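Asker: A single structure is presented below for examination.
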Amino acid sequence: MKNYQILEKLGEGACGRVFKARRRYTGKFVAVKMIQKLGQSSEEFQSLRREIDILREMDHPNIMTLLDVFETDTDLCVVTEY
């Protein structure tokens, strides 16, 4: 989280929250999806990892660009364009 400044909460779902944030070194606005690790089954976590792998390979104007993925003690954080 040290590379991002969380600005505001955009939404919340069953497994996580989405925040508008700013990249500290570039000032670029991004969306940070924080997915709680606690309570996720291994199958759900594997499915999420597959989705992340697919998004890393995508390059299409109608699909959000995946910028970064990192973990905190409690969350898996997926950073996309805002």
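The values are calculated or read from the model by the stated rules, or taken from the named source; none is laboratory data. Only a predicted model underlies this, so the values are computations on that prediction, with no experimental measurement involved. Cβ coordinates were reconstructed from backbone atoms using ideal geometry, including for glycine residues, and neighbour counts include every protein chain displayed. All accessible areas refer to the heavy atoms of the entire protein, side chains included, with ligands and DNA or RNA removed. Shrake-Rupley method; radii C 1.70, N 1.55, O 1.52, S 1.80 Å.
Asker: Here are some residues: 38, 10. Which one is assigned to a strand (DSSP E or B) and either in contact (Cβ under 8 Å) with a residue 24 or more places away in the chain or not acidic (Asp, Glu) (or both)?
Answerer: Going through 38, 10 in turn, the sole match is 10.
Asker: Condition check: over 17 Å from residue 81 (Cβ atoms), surrounded by 15 or more Cβ atoms within 10 Å (Cβ to Cβ), in contact with a strand residue (DSSP E or B) (Cβ under 7 Å, 6 or more places away or on another chain) and at pLDDT 90 or above. Does residue 17 satisfy that?
Answerer: When the stated conditions are applied, residue 17 passes them.
Asker: Is it the case, given these coordinates, that residue 25 is free of Cβ contacts under 8 Å to residues at least 24 places away in the same chain and of a type in the set (Phe, Trp, Tyr)?
Answerer: yes
Asker: I want to confirm something. Restricting to region 20-39 and keeping residues that are more than 9 Å from the chain's Cα centre (by Cα) and open to solvent by less than 50 Å² (accessible area, probe 1.4 Å), which single residue is nearest to residue 65 (Cα to Cα)?
Answerer: 30
Asker: Pairs please, first residue from region 70-82 and closer than 14 Å to residue 56 by Cα and among the charged types (D, E, K, R), second anywhere and assigned to a strand (DSSP E or B) and open to solvent by 70 Å² or more (accessible area, probe 1.4 Å), Cβ atoms under 9 Å, 6+ apart in sequence or on different chains.
Answerer: 81/29
Asker: Taking the condition of being open to solvent by 60 Å² or more (accessible area, probe 1.4 Å), among the β-branched types (Val, Ile, Thr) and within 16 Å of residue 31 (Cβ to Cβ), how many residues in region 66-82 meet it?
Answerer: Matching residues across region 66-82 total 0.
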